[in-house]
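The values are calculated or read from the model by the stated rules, or taken from the named source; none is laboratory data. Given the structure is predicted, the values throughout are model-derived calculations rather than measurements. Every residue, glycine among them, receives a Cβ derived from its backbone with ideal geometry; neighbour counts consider all protein chains shown. We work out accessible area using only protein heavy atoms, side chains counted, and drop any ligands, DNA or RNA first. Shrake-Rupley method; radii C 1.70, N 1.55, O 1.52, S 1.80 Å.
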Amino acid sequence: MKALEYAQTHHDKFLTELQTFLKIPSVSTQERHKPHMAHAAGWLRDKLLAAGFPRVEVMPTPGHPVVYAEWLTDPQQPTVLIYGHYDVQPVEPLELWRTPPFEPTIVGDDIFARGAADDKGQLFIHVKAAEAFKETAGAPPVNIKCIFEGEEEVGSPNLNPFINAHQDLLAADIAVISDSHILGKDIPAIVYALRGLSYVEVEVTGPAGDLHSGIYGGAVHNPINALCALIASLQDEYGRITIPGFYDQVRDLSTEERAELAKIPFDRAAWLEEAGIQADWGDPDYTIIERTTARPTLDVNGIWGGYIQPGAKTVLPSKAYAKISMRLVPDQEPEEITRLISEHLKEIAPPTVSIAVRNLHGGDAAVVRRDSPAMKAAFAAYAAGFGVEPIFMREGGSIPVVATFQKVLGIETILMGFGLPDDNLHAPNEKLHLPNFYKGIETVIHFLENLAHSDS
Ligand code: BES
Ligand code: MN
Ligand code: MN
(Lines give C-alpha, C1' and ligand atoms only; values in the text may rest on other atoms or scores of the structure.)
(Ligands and ions follow the chains in the order given, each with its own letter.)
Protein backbone atom coordinates (compact mmCIF):
# COMPACT_ATOMS: atom_id res chain seq x y z
CA MET A 1 0.00 0.00 0.00
CA LYS A 2 1.39 3.37 -1.10
CA ALA A 3 0.13 5.30 1.94
CA LEU A 4 2.02 2.93 4.25
CA GLU A 5 5.17 3.42 2.27
CA TYR A 6 4.75 7.18 2.54
CA ALA A 7 4.30 6.89 6.30
CA GLN A 8 7.38 4.71 6.62
CA THR A 9 9.58 7.10 4.66
CA HIS A 10 8.51 10.38 6.29
CA HIS A 11 9.35 9.86 9.97
CA ASP A 12 11.63 12.90 10.05
CA LYS A 13 8.99 15.21 8.63
CA PHE A 14 6.35 13.90 11.06
CA LEU A 15 8.70 14.27 14.01
CA THR A 16 9.73 17.82 13.16
CA GLU A 17 6.09 18.86 12.92
CA LEU A 18 5.17 17.09 16.15
CA GLN A 19 7.97 18.99 17.90
CA THR A 20 6.54 22.29 16.67
CA PHE A 21 3.09 21.30 17.95
CA LEU A 22 4.47 20.29 21.34
CA LYS A 23 6.24 23.63 21.73
CA ILE A 24 2.91 25.47 21.93
CA PRO A 25 1.98 25.71 25.64
CA SER A 26 -1.74 24.99 25.20
CA VAL A 27 -2.71 24.69 28.86
CA SER A 28 -6.47 25.11 28.84
CA THR A 29 -6.99 25.78 32.53
CA GLN A 30 -4.56 28.70 32.88
CA GLU A 31 -5.76 32.12 31.75
CA ARG A 32 -2.25 33.25 30.76
CA HIS A 33 -2.16 30.54 28.10
CA LYS A 34 -5.30 31.71 26.31
CA PRO A 35 -3.31 33.12 23.34
CA HIS A 36 -1.44 29.82 23.08
CA MET A 37 -4.75 27.96 22.84
CA ALA A 38 -5.70 30.07 19.82
CA HIS A 39 -2.21 29.57 18.40
CA ALA A 40 -2.51 25.77 18.77
CA ALA A 41 -5.94 25.77 17.12
CA GLY A 42 -4.66 27.83 14.19
CA TRP A 43 -1.58 25.65 13.83
CA LEU A 44 -3.75 22.56 13.71
CA ARG A 45 -6.00 24.14 11.09
CA ASP A 46 -2.98 24.80 8.88
CA LYS A 47 -1.74 21.22 9.28
CA LEU A 48 -5.18 19.80 8.44
CA LEU A 49 -5.33 21.95 5.30
CA ALA A 50 -1.84 20.79 4.36
CA ALA A 51 -2.90 17.17 4.94
CA GLY A 52 -5.56 17.63 2.28
CA PHE A 53 -8.78 18.34 4.22
CA PRO A 54 -10.80 20.59 1.88
CA ARG A 55 -12.83 22.06 4.73
CA VAL A 56 -11.21 23.14 7.99
CA GLU A 57 -12.66 25.57 10.48
CA VAL A 58 -11.65 26.96 13.83
CA MET A 59 -15.07 27.19 15.45
CA PRO A 60 -15.48 29.44 18.48
CA THR A 61 -17.14 28.31 21.70
CA PRO A 62 -17.66 30.32 24.90
CA GLY A 63 -14.30 28.81 25.93
CA HIS A 64 -11.49 27.55 23.72
CA PRO A 65 -12.27 26.85 20.06
CA VAL A 66 -13.08 23.54 18.42
CA VAL A 67 -11.09 22.69 15.30
CA TYR A 68 -13.35 20.98 12.80
CA ALA A 69 -12.20 19.36 9.57
CA GLU A 70 -13.99 17.41 6.90
CA TRP A 71 -12.97 15.33 3.91
CA LEU A 72 -15.92 13.71 2.20
CA THR A 73 -14.61 11.51 -0.57
CA ASP A 74 -17.24 8.92 -1.38
CA PRO A 75 -20.90 8.77 -0.28
CA GLN A 76 -20.77 4.97 -0.64
CA GLN A 77 -18.13 4.75 2.03
CA PRO A 78 -18.57 5.06 5.80
CA THR A 79 -17.79 8.30 7.62
CA VAL A 80 -15.34 8.28 10.52
CA LEU A 81 -15.48 10.98 13.17
CA ILE A 82 -12.07 11.47 14.76
CA TYR A 83 -11.98 13.14 18.16
CA GLY A 84 -8.91 14.45 19.94
CA HIS A 85 -7.90 17.30 22.24
CA TYR A 86 -5.17 19.86 21.67
CA ASP A 87 -5.23 21.21 25.21
CA VAL A 88 -2.84 19.88 27.83
CA GLN A 89 -2.56 19.70 31.60
CA PRO A 90 -0.61 22.31 33.59
CA VAL A 91 3.10 21.51 33.96
CA GLU A 92 3.46 22.25 37.67
CA PRO A 93 5.52 21.18 39.61
CA LEU A 94 8.03 22.51 37.10
CA GLU A 95 11.11 21.64 39.18
CA LEU A 96 10.44 17.93 38.75
CA TRP A 97 10.83 18.04 34.97
CA ARG A 98 14.21 16.80 33.75
CA THR A 99 13.77 18.81 30.53
CA PRO A 100 11.55 21.88 29.95
CA PRO A 101 7.96 20.76 29.28
CA PHE A 102 7.54 22.88 26.17
CA GLU A 103 10.96 22.18 24.70
CA PRO A 104 10.37 18.69 23.34
CA THR A 105 13.45 16.59 24.02
CA ILE A 106 14.27 13.24 22.47
CA VAL A 107 15.95 10.73 24.75
CA GLY A 108 16.51 7.36 23.10
CA ASP A 109 13.19 6.40 21.51
CA ASP A 110 11.05 8.74 23.61
CA ILE A 111 10.04 12.35 23.16
CA PHE A 112 9.52 14.22 26.42
CA ALA A 113 7.06 17.14 26.50
CA ARG A 114 3.73 18.09 28.05
CA GLY A 115 1.00 16.76 25.74
CA ALA A 116 3.32 14.29 23.97
CA ALA A 117 0.94 11.41 24.73
CA ASP A 118 -2.09 13.28 26.13
CA ASP A 119 -3.19 14.08 23.55
CA LYS A 120 -1.29 16.09 20.93
CA GLY A 121 0.95 13.25 19.78
CA GLN A 122 -1.96 10.83 19.49
CA LEU A 123 -4.21 13.37 17.78
CA PHE A 124 -1.46 14.14 15.27
CA ILE A 125 -1.27 10.46 14.27
CA HIS A 126 -4.60 10.89 12.49
CA VAL A 127 -3.56 14.07 10.69
CA LYS A 128 -0.46 12.30 9.36
CA ALA A 129 -2.43 9.21 8.31
CA ALA A 130 -4.72 11.46 6.26
CA GLU A 131 -1.68 13.18 4.75
CA ALA A 132 -0.24 9.80 3.72
CA PHE A 133 -3.39 9.11 1.69
CA LYS A 134 -3.38 12.59 0.15
CA GLU A 135 0.21 12.26 -0.99
CA THR A 136 -0.24 8.79 -2.49
CA ALA A 137 -3.86 8.00 -3.37
CA GLY A 138 -5.04 11.60 -3.52
CA ALA A 139 -7.67 11.07 -0.81
CA PRO A 140 -8.48 8.75 2.09
CA PRO A 141 -10.51 5.60 1.33
CA VAL A 142 -13.38 6.64 3.65
CA ASN A 143 -14.98 9.95 4.63
CA ILE A 144 -13.30 11.66 7.55
CA LYS A 145 -14.51 14.32 9.95
CA CYS A 146 -12.34 15.63 12.76
CA ILE A 147 -13.40 17.31 15.97
CA PHE A 148 -10.45 18.51 18.03
CA GLU A 149 -11.37 20.29 21.24
CA GLY A 150 -9.38 22.56 23.52
CA GLU A 151 -11.14 21.95 26.83
CA GLU A 152 -10.88 18.23 27.53
CA GLU A 153 -8.55 18.66 30.47
CA VAL A 154 -11.01 21.04 32.14
CA GLY A 155 -14.00 18.74 31.80
CA SER A 156 -15.20 19.83 28.32
CA PRO A 157 -17.68 22.46 29.60
CA ASN A 158 -18.64 23.58 26.08
CA LEU A 159 -18.42 20.31 24.18
CA ASN A 160 -21.86 18.86 24.85
CA PRO A 161 -23.61 22.07 23.76
CA PHE A 162 -21.36 22.13 20.68
CA ILE A 163 -22.20 18.54 19.75
CA ASN A 164 -25.90 19.13 20.40
CA ALA A 165 -25.88 22.19 18.18
CA HIS A 166 -23.95 20.50 15.34
CA GLN A 167 -25.49 17.07 15.09
CA ASP A 168 -25.80 17.18 11.30
CA LEU A 169 -22.30 18.47 10.81
CA LEU A 170 -20.93 15.69 13.01
CA ALA A 171 -23.09 12.88 11.62
CA ALA A 172 -20.93 9.80 11.10
CA ASP A 173 -21.00 6.00 11.18
CA ILE A 174 -18.31 5.52 13.77
CA ALA A 175 -16.10 7.63 16.03
CA VAL A 176 -12.42 7.02 16.73
CA ILE A 177 -10.40 8.38 19.64
CA SER A 178 -6.67 7.98 20.22
CA ASP A 179 -6.31 9.21 23.80
CA SER A 180 -5.53 6.06 25.79
CA HIS A 181 -2.71 3.57 26.05
CA ILE A 182 -1.80 0.04 25.06
CA LEU A 183 -0.32 -2.54 27.45
CA GLY A 184 3.31 -2.40 26.38
CA LYS A 185 5.60 -1.40 23.49
CA ASP A 186 4.84 -4.62 21.69
CA ILE A 187 1.53 -5.49 23.35
CA PRO A 188 -1.19 -3.59 21.52
CA ALA A 189 -4.56 -3.28 23.18
CA ILE A 190 -7.99 -1.91 22.41
CA VAL A 191 -9.85 -0.24 25.26
CA TYR A 192 -13.55 -1.13 25.30
CA ALA A 193 -14.62 0.47 28.58
CA LEU A 194 -13.84 3.70 30.40
CA ARG A 195 -14.79 4.96 33.82
CA GLY A 196 -16.94 8.01 34.40
CA LEU A 197 -16.34 10.80 36.87
CA SER A 198 -18.08 12.84 39.48
CA TYR A 199 -16.03 15.67 40.97
CA VAL A 200 -17.03 17.88 43.88
CA GLU A 201 -15.47 20.55 46.09
CA VAL A 202 -16.38 20.61 49.76
CA GLU A 203 -16.20 23.70 51.96
CA VAL A 204 -16.54 23.33 55.72
CA THR A 205 -16.97 26.44 57.85
CA GLY A 206 -16.37 26.52 61.58
CA PRO A 207 -16.03 29.83 63.42
CA ALA A 208 -16.86 33.03 61.52
CA GLY A 209 -13.18 33.99 61.55
CA ASP A 210 -9.83 32.45 62.48
CA LEU A 211 -9.41 32.07 66.23
CA HIS A 212 -6.50 31.69 68.68
CA SER A 213 -6.27 27.94 69.23
CA GLY A 214 -5.15 28.43 72.81
CA ILE A 215 -8.01 30.69 73.77
CA TYR A 216 -10.78 28.78 71.96
CA GLY A 217 -9.32 25.31 71.34
CA GLY A 218 -11.30 22.61 73.14
CA ALA A 219 -14.68 24.28 72.83
CA VAL A 220 -14.81 25.27 69.15
CA HIS A 221 -14.99 22.53 66.52
CA ASN A 222 -12.07 22.86 64.13
CA PRO A 223 -13.42 22.63 60.54
CA ILE A 224 -10.28 20.87 59.28
CA ASN A 225 -10.61 18.19 61.95
CA ALA A 226 -14.31 17.91 61.14
CA LEU A 227 -13.63 17.63 57.38
CA CYS A 228 -11.01 14.92 57.94
CA ALA A 229 -13.47 12.91 60.03
CA LEU A 230 -16.15 13.29 57.36
CA ILE A 231 -13.78 12.17 54.61
CA ALA A 232 -12.51 9.23 56.65
CA SER A 233 -16.07 8.02 57.13
CA LEU A 234 -16.73 7.88 53.37
CA GLN A 235 -14.78 4.63 52.97
CA ASP A 236 -14.13 1.49 54.95
CA GLU A 237 -10.59 0.19 55.47
CA TYR A 238 -10.60 -1.43 52.01
CA GLY A 239 -11.79 1.68 50.22
CA ARG A 240 -15.37 0.48 49.82
CA ILE A 241 -17.53 3.56 49.65
CA THR A 242 -20.06 3.98 52.45
CA ILE A 243 -22.33 6.57 50.83
CA PRO A 244 -25.83 5.02 50.87
CA GLY A 245 -26.94 4.04 47.38
CA PHE A 246 -23.45 4.54 45.87
CA TYR A 247 -23.25 1.00 44.47
CA ASP A 248 -26.93 0.63 43.53
CA GLN A 249 -26.40 1.16 39.79
CA VAL A 250 -23.01 -0.55 39.51
CA ARG A 251 -23.16 -3.19 36.79
CA ASP A 252 -21.56 -6.35 38.14
CA LEU A 253 -18.78 -7.98 36.16
CA SER A 254 -19.87 -11.24 34.59
CA THR A 255 -17.91 -14.41 35.30
CA GLU A 256 -16.86 -14.46 31.64
CA GLU A 257 -15.55 -10.91 31.72
CA ARG A 258 -13.64 -11.53 34.94
CA ALA A 259 -12.05 -14.56 33.32
CA GLU A 260 -11.07 -12.45 30.32
CA LEU A 261 -9.65 -9.66 32.48
CA ALA A 262 -7.64 -12.24 34.40
CA LYS A 263 -5.89 -13.20 31.16
CA ILE A 264 -4.49 -9.71 30.57
CA PRO A 265 -0.74 -9.86 31.11
CA PHE A 266 -0.02 -8.23 34.48
CA ASP A 267 3.27 -8.06 36.31
CA ARG A 268 2.46 -7.15 39.90
CA ALA A 269 6.04 -6.26 40.88
CA ALA A 270 6.46 -4.04 37.83
CA TRP A 271 3.13 -2.39 38.56
CA LEU A 272 4.15 -1.63 42.17
CA GLU A 273 7.42 -0.21 40.88
CA GLU A 274 5.66 1.92 38.24
CA ALA A 275 3.31 3.32 40.89
CA GLY A 276 6.17 3.81 43.33
CA ILE A 277 4.48 1.96 46.20
CA GLN A 278 5.34 -0.91 48.55
CA ALA A 279 1.98 -2.64 48.57
CA ASP A 280 -1.33 -2.33 46.81
CA TRP A 281 -4.53 -1.34 48.56
CA GLY A 282 -8.23 -1.80 47.96
CA ASP A 283 -11.14 -4.20 47.91
CA PRO A 284 -9.70 -7.72 48.31
CA ASP A 285 -12.69 -9.16 46.42
CA TYR A 286 -11.32 -7.69 43.19
CA THR A 287 -8.00 -7.92 41.36
CA ILE A 288 -5.84 -4.86 40.78
CA ILE A 289 -6.92 -4.70 37.14
CA GLU A 290 -10.57 -4.91 38.16
CA ARG A 291 -10.16 -2.32 40.91
CA THR A 292 -8.42 0.18 38.61
CA THR A 293 -10.72 -0.18 35.63
CA ALA A 294 -14.06 -1.77 36.46
CA ARG A 295 -14.85 -0.65 40.03
CA PRO A 296 -15.74 2.81 41.30
CA THR A 297 -13.42 4.83 43.54
CA LEU A 298 -13.38 7.85 45.82
CA ASP A 299 -10.22 9.96 46.08
CA VAL A 300 -9.36 13.23 47.75
CA ASN A 301 -7.42 15.20 45.15
CA GLY A 302 -6.52 18.08 47.40
CA ILE A 303 -7.22 19.31 50.91
CA TRP A 304 -6.39 22.67 52.39
CA GLY A 305 -7.15 25.27 55.03
CA GLY A 306 -5.54 26.91 58.04
CA TYR A 307 -1.86 27.67 58.17
CA ILE A 308 0.31 25.97 55.52
CA GLN A 309 3.32 28.30 55.32
CA PRO A 310 6.71 27.32 56.84
CA GLY A 311 6.92 27.26 60.63
CA ALA A 312 4.19 26.99 63.23
CA LYS A 313 1.22 29.23 63.75
CA THR A 314 -1.32 28.40 66.41
CA VAL A 315 -4.64 28.96 64.77
CA LEU A 316 -8.08 27.45 64.86
CA PRO A 317 -9.13 28.15 61.28
CA SER A 318 -12.49 29.25 60.00
CA LYS A 319 -12.47 27.20 56.80
CA ALA A 320 -11.47 23.81 55.43
CA TYR A 321 -11.70 22.61 51.83
CA ALA A 322 -11.32 19.38 49.90
CA LYS A 323 -11.61 18.32 46.29
CA ILE A 324 -13.10 14.86 46.00
CA SER A 325 -13.42 12.85 42.82
CA MET A 326 -15.18 9.57 42.25
CA ARG A 327 -14.45 7.33 39.28
CA LEU A 328 -17.68 5.72 38.15
CA VAL A 329 -18.57 2.60 36.23
CA PRO A 330 -21.63 1.71 34.16
CA ASP A 331 -24.48 2.37 35.01
CA GLN A 332 -23.68 4.96 37.68
CA GLU A 333 -24.78 8.44 36.63
CA PRO A 334 -22.54 11.37 37.56
CA GLU A 335 -25.47 13.67 38.47
CA GLU A 336 -26.96 11.02 40.73
CA ILE A 337 -23.65 10.27 42.44
CA THR A 338 -23.00 13.98 42.98
CA ARG A 339 -26.45 14.25 44.56
CA LEU A 340 -25.81 11.23 46.78
CA ILE A 341 -22.48 12.49 48.13
CA SER A 342 -23.81 16.02 48.65
CA GLU A 343 -26.84 14.83 50.59
CA HIS A 344 -24.83 12.32 52.57
CA LEU A 345 -22.20 14.87 53.62
CA LYS A 346 -24.89 17.33 54.71
CA GLU A 347 -26.66 14.56 56.59
CA ILE A 348 -23.60 13.42 58.56
CA ALA A 349 -21.93 16.82 59.08
CA PRO A 350 -21.94 17.68 62.81
CA PRO A 351 -24.11 20.66 63.87
CA THR A 352 -20.94 22.47 65.00
CA VAL A 353 -19.89 23.30 61.42
CA SER A 354 -21.64 24.16 58.19
CA ILE A 355 -20.91 22.45 54.92
CA ALA A 356 -21.29 23.35 51.24
CA VAL A 357 -20.75 20.92 48.36
CA ARG A 358 -20.19 22.24 44.84
CA ASN A 359 -20.26 20.18 41.66
CA LEU A 360 -17.08 20.77 39.60
CA HIS A 361 -17.68 18.48 36.67
CA GLY A 362 -18.60 14.98 35.72
CA GLY A 363 -18.73 12.53 32.86
CA ASP A 364 -20.37 9.26 31.97
CA ALA A 365 -18.63 5.91 31.96
CA ALA A 366 -18.84 3.95 28.73
CA VAL A 367 -18.65 0.44 27.35
CA VAL A 368 -18.46 -0.04 23.59
CA ARG A 369 -19.38 -2.98 21.36
CA ARG A 370 -16.64 -5.42 20.56
CA ASP A 371 -18.40 -7.20 17.72
CA SER A 372 -18.99 -4.36 15.24
CA PRO A 373 -17.43 -4.34 11.76
CA ALA A 374 -15.51 -1.19 12.75
CA MET A 375 -14.07 -2.97 15.80
CA LYS A 376 -13.02 -5.84 13.53
CA ALA A 377 -11.34 -3.31 11.23
CA ALA A 378 -9.49 -1.83 14.23
CA PHE A 379 -8.49 -5.26 15.52
CA ALA A 380 -7.00 -6.26 12.17
CA ALA A 381 -5.32 -2.84 11.88
CA TYR A 382 -3.46 -3.26 15.19
CA ALA A 383 -2.45 -6.78 14.20
CA ALA A 384 -0.99 -5.40 10.95
CA GLY A 385 0.56 -2.30 12.54
CA PHE A 386 2.18 -4.06 15.51
CA GLY A 387 2.61 -7.59 14.18
CA VAL A 388 0.55 -9.13 17.01
CA GLU A 389 -3.15 -9.20 17.79
CA PRO A 390 -4.39 -6.62 20.29
CA ILE A 391 -5.80 -7.48 23.70
CA PHE A 392 -9.17 -6.13 24.78
CA MET A 393 -9.02 -4.22 28.04
CA ARG A 394 -10.89 -1.72 30.20
CA GLU A 395 -9.41 1.59 31.25
CA GLY A 396 -9.71 3.46 34.52
CA GLY A 397 -9.45 6.98 33.08
CA SER A 398 -12.34 8.94 31.65
CA ILE A 399 -13.20 10.19 28.18
CA PRO A 400 -16.77 11.44 28.68
CA VAL A 401 -17.31 12.27 25.00
CA VAL A 402 -17.62 8.54 24.27
CA ALA A 403 -20.97 8.48 26.07
CA THR A 404 -22.00 11.75 24.43
CA PHE A 405 -21.34 10.33 20.96
CA GLN A 406 -23.44 7.32 21.91
CA LYS A 407 -26.31 9.37 23.37
CA VAL A 408 -26.44 12.40 21.06
CA LEU A 409 -25.06 11.16 17.74
CA GLY A 410 -26.07 7.52 18.19
CA ILE A 411 -22.64 6.25 17.23
CA GLU A 412 -20.15 3.90 18.80
CA THR A 413 -16.55 4.86 19.45
CA ILE A 414 -13.41 2.82 18.83
CA LEU A 415 -10.64 3.68 21.26
CA MET A 416 -7.42 3.31 19.31
CA GLY A 417 -4.83 4.40 21.84
CA PHE A 418 -1.07 4.37 21.21
CA GLY A 419 0.37 5.60 24.51
CA LEU A 420 2.14 3.46 27.11
CA PRO A 421 1.21 2.96 30.78
CA ASP A 422 4.36 4.80 31.94
CA ASP A 423 3.92 7.91 29.78
CA ASN A 424 3.52 10.12 32.89
CA LEU A 425 0.21 11.66 31.85
CA HIS A 426 -0.68 14.76 33.90
CA ALA A 427 2.70 14.40 35.66
CA PRO A 428 6.24 15.74 35.18
CA ASN A 429 8.27 14.18 32.33
CA GLU A 430 5.33 13.20 30.13
CA LYS A 431 6.57 11.33 27.09
CA LEU A 432 5.55 9.52 23.94
CA HIS A 433 7.35 6.44 22.68
CA LEU A 434 8.22 7.42 19.11
CA PRO A 435 8.01 3.90 17.61
CA ASN A 436 4.40 3.89 18.85
CA PHE A 437 3.81 7.24 17.14
CA TYR A 438 4.96 5.81 13.81
CA LYS A 439 3.20 2.47 14.33
CA GLY A 440 0.11 4.44 15.27
CA ILE A 441 0.13 6.22 11.92
CA GLU A 442 0.49 2.89 10.12
CA THR A 443 -2.24 1.30 12.24
CA VAL A 444 -4.65 4.14 11.44
CA ILE A 445 -3.83 3.80 7.73
CA HIS A 446 -4.67 0.08 7.97
CA PHE A 447 -7.83 0.90 9.90
CA LEU A 448 -9.15 3.34 7.31
CA GLU A 449 -8.36 0.85 4.51
CA ASN A 450 -10.03 -2.01 6.39
CA LEU A 451 -13.07 0.13 7.05
CA ALA A 452 -13.41 0.94 3.36
CA HIS A 453 -13.57 -2.77 2.63
CA SER A 454 -15.79 -3.78 5.54
CA ASP A 455 -19.57 -4.05 5.42
CA SER A 456 -20.30 -1.40 8.04
N1 BES B 1 -6.56 10.88 28.02
C2 BES B 1 -7.10 11.06 29.33
C3 BES B 1 -7.95 9.91 29.80
C4 BES B 1 -7.24 8.59 29.81
C5 BES B 1 -6.07 8.44 30.52
C6 BES B 1 -7.76 7.54 29.12
C7 BES B 1 -5.42 7.23 30.50
C8 BES B 1 -7.12 6.34 29.10
C9 BES B 1 -5.93 6.19 29.78
C10 BES B 1 -7.90 12.36 29.37
O11 BES B 1 -7.20 13.42 28.78
C12 BES B 1 -8.11 12.74 30.81
O13 BES B 1 -7.18 13.10 31.45
N14 BES B 1 -9.36 12.67 31.27
C15 BES B 1 -9.70 13.10 32.60
C16 BES B 1 -11.17 13.33 32.71
C17 BES B 1 -11.66 14.68 32.36
C18 BES B 1 -13.16 14.72 32.54
C19 BES B 1 -10.98 15.80 33.08
C20 BES B 1 -9.38 12.02 33.59
O21 BES B 1 -9.48 10.83 33.29
O22 BES B 1 -9.03 12.41 34.72
MN1 MN C 1 -6.46 12.89 26.97
MN1 MN D 1 -5.62 14.08 30.22
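Roughly how many Å is it from the Cα centre of the stretch 331-384 to that of the stretch 304-324, as a whole number? Comparing the Cα centres of the stretch 331-384 and the stretch 304-324, I get a distance of 30 Å.
Normalising by residue count, the chain has a Cα convex hull of 157 Å³ per residue.
Annotation: aspartates and glutamates with alpha-carbon distance below 13 angstrom to Lys313 (same-chain offsets under eight excluded): Asp210. Projecting the Cα atoms of Asn222, Pro140, Ala171 onto the dipole axis of the chain, where Lys and Arg carry +1 and Asp and Glu carry -1 at the beta carbon, places Asn222 farthest toward the positive end. Using the Karplus relation 6.51 cos²θ - 1.76 cosθ + 1.60 with θ = phi - 60°, the per-residue 3J(HN,Hα) values for the stretch 424-436 come to 6, 4, 6, 10, x, 6, 4, 9, 10, 7, 4, x, 5 Hz, with x marking Gly and Pro.
For the stretch 169-327, a/c is not less than 1.5, where a ≥ b ≥ c are the root eigenvalues of the C-alpha gyration tensor, and a/b tops b/c. That puts it in the prolate class. Ordering 297-306, 144-153 by mean Cβ neighbour count within 10 Å, with the highest value first, yields 144-153, 297-306.
Starting from the Cα of Asp267, step 7 Å toward the Cβ, then list every residue of the stretch 184-203 with an amide N under 13 Å from that point. Hits in the stretch 184-203 for Asp267 at 13 Å: 184-187.
With Cα atoms defining each centre, the stretch 89-125 and the stretch 396-432 are spaced 17 Å apart in the structure. Normalised per residue, the accessible area of the chain is 43 Å², obtained with a 1.4 Å probe and no contribution from ligands, DNA or RNA. When DSSP beta bridges are restricted to pairs lying wholly in the chain, around 70% turn out antiparallel.
The charge dipole of the chain, taken about the Cα centre with unit charges on the Cβ atoms of Lys, Arg (+1) and Asp, Glu (-1), comes to about 680 debye, rounded to the nearest 20.
Taking the 1.4 Å solvent-accessible surface of the chain as the whole, the part contributed by carbon and sulfur is 51%. Sequence-distant contacts, meaning Cα pairs under 8 Å at least 6 residues apart, place the relative contact order of the chain at 25 percent.
Could you tell me whether the stretch 1-95 comes out rounded, prolate or oblate from its Cα gyration tensor? Rule is a ≥ b ≥ c as square roots of the eigenvalues, rounded for a/c under 1.5, then prolate if a/b exceeds b/c, otherwise oblate. It is oblate, given that a/c is not under 1.5 and a/b is not larger than b/c.
What whole number of Å gives the distance from the Cα centroid of the stretch 1-59 to the Cα centroid of the stretch 144-212? Going from one Cα centre to the other spans 21 Å. Dipole of the chain computed with +1 at Lys/Arg Cβ and -1 at Asp/Glu Cβ about the Cα centre; of Ile111, Thr9, Gly410, farthest Cα towards the positive end is Ile111. In straight Cα distance, which lysines are under 30 Å from Lys439, not counting same-chain residues fewer than 8 positions off? By straight Cα distance, Lys439 reaches Lys2, Lys13, Lys23, Lys47, Lys120, Lys128, Lys134, Lys145, Lys185, Lys263, Lys376, Lys431. Helices in the chain, meaning DSSP H runs of at least 4 residues, each add -39500 (n - 2.57). Divided by all residues, the mean residue ellipticity at 222 nm is -10000 deg cm²/dmol. Once a ≥ b ≥ c are taken as the square roots of the eigenvalues of the Cα gyration tensor of the stretch 257-298, is the result rounded (a/c under 1.5), prolate (a/b larger than b/c) or oblate (a/b not larger than b/c)? In terms of gyration-tensor shape, oblate.
As a rough guide to protection, the peptides 353-359, 8-14 ranked by mean Cβ packing within 10 Å, highest first, stand as 353-359, 8-14.
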